Amino acid sequence: MTDLTDLTIADAREGLAAKSFSAVELAEAHLAAIRCANRALNAYVLETPERALDMAKQSDARLAKGEAGTLEGIPLGIKDLFCTKDVRTTACSHILDRFTPPYESTVTANLWDAGAVMLGKLNNDEFAMGSSNETSFYGEVVNPWRRAGSDAPLVPGGSSGGSSAAVAARLCLGATATDTGGSIRQPAAFTGTVGVKPTYGRCSRWGIVAFASSLDQAGPIARTVRDAAILLGVMASHDPKDATSADLPVPDFEAAVGQGVKGLTIGIPKEYRVEGMAPEIEALWQQGIAWLTEAGATVKDISLPHTKYALPSYYIVAPAEASSNLARYDGVRYGLREPGKDVLSMYENTRESGFGAEVKRRVLIGTYVLSAGYYDAYYLKAQKVRTLIKRDFDQAFENVDAILTPTTPAPAFAAGEKSGDPLEMYLNDIFTVTVNMAGLPGISVPAGLSSEGTPLGLQVIGRPFDEETLFRVGHALEEAAGPMAKPQDWWSKS
Amino acid sequence: MSVDRATVFRIARLARIAITDAEAERLESELSGILDWVAQLDELDTANVEPMTRVEAMTMKMRKDEVTDGFCAADIVKNAPQEDDHYFVVPKIVE
Amino acid sequence: MDAKTEKSNLIAGETGDWEVVIGMEVHAQVTSNAKLFSGARTEFGGEPNAHVSLVDAAMPGMLPVINEACVAQAVRTGLGLKAEINLSSVFDRKNYFYPDLPQGYQISQYKNPIVGEGEVIVDLLSGERVVVGIERLHLEQDAGKSLHDQHPQNSYVDLNRSGVALMEIVSKPDLRSSEQAKAYVSKLRTILRYLGTCDGNMEEGSLRADVNVSVRRPGDGFGTRCEIKNVNSIRFIGQAIEYEARRQIEIIEDGGTIDQETRLFDAKTGETRSMRSKEEAHDYRYFPDPDLLPLELTQDFVDEIAGSLPELPDEKRARFIADYGLTPYDADVLVSERESVDYFEDVAKGRDAKQAANWVINELFGRLNKEGLAIDDSPISSAQLGGIVDLIKAGTISGKIAKDVFDIVWTEGGDPAEIVEKRGMKQVTDTRAIEKAVDEVMAANPDKVAQAKEKPAVAGWFVGQVMKATGGKASPQAVNALLKSKLGLE
Ligand SMILES: [Mg+2]
Ligand SMILES: [Zn+2]
């Protein structure tokens, strides 16, 4: 029997159905892997073995009765931004490190309803603010991938760095993640995994700790396009508890996988050929174009003229919304409280000690751009730029069915390499952030290895609520790229 | 520098985050750097552009006027740093 | 001089006359079962944090979803204020920190409110009429409550109010005296209660006013204003304005200037004082709430509400004066409370409205007032009072006997017709019986009969005697007619 932790979700589902192994065995295999790996990778901030085994037992009972759900017995990791009932949820912030929600997020509730098994809570950048998982209060996550011939730790990307690292290192079959500016796709690209940021409104935001409300979307990270499609199909739903949730039926995403790309027109935006982009990224992009052409798609050059303004406008919109969303962490009703001589100093001390440097920086930027006299120049301006960015895409989608770009301008970088300069760190999101600003769906698919032997990803961007095309194109890329290499296990200590 | 020291302190006070002089010095240059960088948006003429208020053509749906929630005070105060008889307790507020 | 300046409204200072300028922001709690953005109940009181959902407590990841009934109530109120309804409006976040504001922001409407300009007509007792412009009406969340006397070092926070829907109704600075301001709030309260959009209960805080007060020399531009926050009774509104206007006049007359500031009214001293906690200048950083989409209404939605609007006090008042011949004063008394007008209209239905108004205003209101009762507590129902009016109309009882019947129904209850029947209070309309009494009285008083021929006024004495002889039950009309013919006075 192959190692149970190496299975795809699709294979594990078959194996469970065929009684080749039980859900409890599957869960135990993963719990063991986590025990051996977590000290080195720090992907999980909370392991929930008892709950996992209990859920797996129930899955086995349902499997035996022939009542299996779509994800029956599938062990998953949950980003610590998703509130989980009676299980500590912290957003990896000191300000919430004692918070145990009495409620379950809609997305995770959908997963449990489908029979999935929770292994634990995954590390992330504090409040999802970061691109390297170095801002977590619980410490950085280490990428299971290393540069060829080097022991130097690389970042797993962020903010969903725990999710990407855990999926890549076989510490779960799939994971939930969230993406505000690239936080699913960039870590997926850095770890050789598949990450999907669905259309804004596809997944409910209810019960997910908010970063920037108009940009946040939940999505899956998995090892194959099919697995990502299976997960998204369960995570997505119309939720009356989220006023921005789309009242649309959730298509059978898995059915789209394997439909091929014949007859599709793929746009190649020239503005994504940015200065300073590594030549190997350009080569990868060309390779992707060739693969899709060979698979029967038509490729077309397009222009998205406002691309370069997406990142600066994002760094107005996201901090502005965050500054307001994070105002509730005041030490009154839950979370950390640092005493003060009066209410004001209690607030100031609590937020001073509860938030990390990056969160503070963004809260302050956000406070500034919304403050009296600056609203029009910053927030309003940025929202207007969003209209222009969206218009670029609308026009492009009149002629193409999907857009192909690299996911990141470079492969995974070393820990500490960019944490000194916020602006340099922000540039990581240059290709992914446009998608959030326009509310579109995007997928990152592993497409090869860099000259350093680390993963590289290609991104496909689709029309609103047309994730199916992303799964078709993503799968074609996956097929053409061939089986993704596996990071060499240096982290397990039994 | 688009942000001076006094502004950093004013913003930090508005955001209710205590900062030291050393932090203020660092923030002054970091915030200025970010604001100088986002100033490239000024290249764009957006006078006749509507701000984006929604991602897709969705209208806000409304809820029925039904009582579906509440009576869970124990849950509400469960995570409170200080609580008394289901009240949240804070240092005395002077009006 | 401003057209609105009335000499009688001016305040005499040491250096001359002053005019006070008042604008109001009235916060009216929307009548609804559940809160504006959550499913928790709105009921007043309750155990601490019992009427609180995870949304109201701003737990991480909680999201607002709007209550349709609150939107409909705002539209209904807008229509009642003859205001324009904005089919598209936006909810914004007003950001500030306070322990009873769990989100760290209040969801309100800033640039695009649901209701635009309208007006309220205010009639004062003096007969003066003021048309007060409404600037806007918007929907917003109420905050929770901080209690300061439970503990020496701590304040206690209860979020039961948190998230309850409020309508903030902003007037133009069109008011020129405390009397006008009080009358405006009463009128607004009346309209809201007619509409059923706010119960107007000021003790429970369902209606409270922020009062903006400034003073100026008549004809000058606006002075610097102070905002007196959260005044929760009509009487206090009057006191606060009087005090504040005097305070400002004194400062200016002493050569000082007014600081624009937020003040609190202290009901114990009748004074206003600066709010220390608001010393710091506010910067609310308003921006559209990204958790909510723009609120879009169809014209049909608005039209349907417009179709269900009740007759409002101004219309009723006009109708009572024109159709029923009531005096403006009586009409005002009747329309000022929804319960009163409902009661009156029940009594008046199918009856002589003027007579109904007389009985409601003079007998019923008089008695209620005397006994300190509200109309809802009236021991006499509208049906019972209507029954009494019917008996008078049918000639079954006289107006005088009717007052006795009223008294019996008030203290003992019962059906007026039955009471009259059982207790033999019926008016005697049998002419033979009355004629007999008239003849007897005339026979016993030949001197008076002779006098009456010269002095017709003496006939009145005969009426009294006949009524006495019949135990007050004779029909006065019949007695009069008989006496006139028998005394030869025609
Ligand atoms: Mg106000
Ligand atoms: Zn207000």
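The values are calculated or read from the model by the stated rules, or taken from the named source; none is laboratory data. Because the structure is a prediction, the values reported are computed rather than measured. Reconstructed Cβ throughout: ideal geometry from the backbone, glycine too, with neighbour counts over all protein chains shown. Areas reflect the complete protein model, heavy atoms only, side chains present, ligands, DNA and RNA absent. Shrake-Rupley method; radii C 1.70, N 1.55, O 1.52, S 1.80 Å.
Among the residues of the range C:197-211, is there at least one that is of a type in the set (Val, Ile, Thr), buried (at least 20 other Cβ atoms within 10 Å of the Cβ) and assigned to a loop (DSSP other than H, G, I, E, B)?
yes
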**Fill in**
Of (1) at pLDDT 95 or above; (2) facing chain A (nearest Cβ under 10 Å); (3) in contact with a helix residue (DSSP H, G or I) (Cβ under 7 Å, 6 or more places away or on another chain), B:Asn48 fails just (3)
**Prompt:** Of the residues A:Ala56, A:Ala61, A:Ala91, which is more than 29 Å from A:Val141 (Cα to Cα), at pLDDT 95 or above and of a type outside the set (Ser, Thr, Tyr)?
**Reply:** A:Ala61
**Complete:** Of the residues in the range A:295-339, those that are touching a strand residue (DSSP E or B) at 6+ places or on another chain (Cβ under 9 Å), open to solvent by 30 Å² or more (accessible area, probe 1.4 Å) and small (Gly, Ala, Ser) come to A:Ser303
**Request:** Residues that are open to solvent by 10 Å² or more (accessible area, probe 1.4 Å): find the strands (runs of 3 or more DSSP E) completely inside the range A:375-471 holding 1 or more of those.
**Result:** A:442-449
**Prompt:** Restricting attention to the range C:182-191, and to residues there that are open to solvent by less than 20 Å² (accessible area, probe 1.4 Å), under 24 Å from C:Ser108 (Cβ atoms) and away from ligand 2 (no atom under 16 Å from the Cβ), which single residue is farthest from the chain's Cα centre (by Cα)?
**Reply:** C:Tyr184
**Asked** In the range C:229-248, what count of residues is obtained for those that are touching an Asp or Glu at 6+ places or on another chain (Cβ under 6 Å) and either within 16 Å of ligand 2 (Cβ to nearest atom) or open to solvent by less than 40 Å² (accessible area, probe 1.4 Å) (or both)?
**Response** 1
**Request:** Just give me the residues in the range C:419-459 being part of a helix (DSSP H, G or I) and within 22 Å of C:Asp404 (Cβ to Cβ), in sequence order.
**Result:** C:Ile419, C:Val420, C:Glu421, C:Lys422, C:Ala433, C:Ile434, C:Ala437
**Complete:** When the range C:63-92 is checked residue by residue, the ones that are assigned to a loop (DSSP other than H, G, I, E, B), closer than 27 Å to C:Lys187 by Cα and of a type in the set (A, V, I, L, M) are C:Leu81, C:Ala83, C:Leu87
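To keep it simple, each residue is scored yes or no on (1) of a type in the set (Ser, Thr, Tyr); (2) open to solvent by less than 70 Å² (accessible area, probe 1.4 Å).
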site	(1), (2)
C:Ser382	yes, yes
C:Gly387	no, yes
C:Leu391	no, yes
C:Lys403	no, no
C:Lys422	no, no
C:Met425	no, yes
**Prompt:** Considering only residues of the range C:9-56 that are in a strand (DSSP E or B) and without any contact (Cβ under 8 Å) to a residue 60 or more places away in the chain, which is nearest to ligand 2 (Cβ to nearest atom)?
**Reply:** C:Ala34
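Yes or no: the range C:91-102 includes at least one residue that is away from chain A (no Cβ under 11 Å) and within 16 Å of ligand 2 (Cβ to nearest atom).
Among the residues of the range C:91-102, not one is away from chain A (no Cβ under 11 Å) and within 16 Å of ligand 2 (Cβ to nearest atom), which makes the answer no.
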**Request:** Return only the number of the condition from (1) of a type in the set (D, E, K, R); (2) more than 14 Å from chain B (Cβ to nearest Cβ); (3) in a loop (DSSP other than H, G, I, E, B) that A:Lys121 does not satisfy.
**Result:** (3)
**Prompt:** Pairs under 7 Å by beta carbon, first residue at positive phi in the range C:224-235, partner modelled with pLDDT of 95 or more, six or more apart or different chains?
**Reply:** C:Asn230/C:Arg208; C:Asn230/C:Asp210
**Request:** Select from the range C:200-236 the residues that are more than 15 Å from ligand 1 (Cβ to nearest atom) and of a type in the set (Val, Ile, Thr) and write down the one among them that is farthest from the other protein chains (Cβ to nearest Cβ).
**Result:** C:Val215
**Item:** Conditions (1) away from ligand 2 (no atom under 16 Å from the Cβ); (2) without any contact (Cβ under 8 Å) to a residue 40 or more places away in the chain; (3) more than 14 Å from every other protein chain (Cβ to nearest Cβ): number failed by C:His148
**Value:** (3)
**Item:** Residues (under 17 Å from the mean Cα position of the chain (by Cα) and polar (S, T, N, Q)) located in the range A:417-462
**Value:** A:Asn428, A:Thr432, A:Thr434, A:Asn436, A:Ser444, A:Gln459
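Among the residues of the range B:51-77, which ones are within 21 Å of C:Glu68 (Cα to Cα), at pLDDT 95 or above and aliphatic (A, V, I, L, M)?
Taking the range B:51-77 as the starting set, the residues that turn out to be within 21 Å of C:Glu68 (Cα to Cα) are B:53-54, B:57-70.
Add one more test, that the residue is at pLDDT 95 or above, and what stays is B:62-70.
The answer is B:Met62, B:Val67.
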**Asked** Hey, which of the strands (runs of 3 or more DSSP E) in the range C:111-189, taking only ones fully inside, have at least 1 residues that are within 16 Å of ligand 1 (Cβ to nearest atom)?
**Response** C:129-141, C:165-171
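Please work out if C:Asp303 is within 16 Å of ligand 1 (Cβ to nearest atom), without any contact (Cβ under 8 Å) to a residue 12 or more places away in the chain and surrounded by fewer than 19 Cβ atoms within 10 Å (Cβ to Cβ).
no
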**Fill in**
Those residues of the range A:316-355 that are in a loop (DSSP other than H, G, I, E, B) and touching a His at 6+ places or on another chain (Cβ under 7 Å) come to a total of 1
**Fill in**
Only one of C:Gln239, C:Gln248 is more than 30 Å from C:Pro310 (Cα to Cα), outside any strand (DSSP E or B) and under 22 Å from the mean Cα position of the chain (by Cα), namely C:Gln239
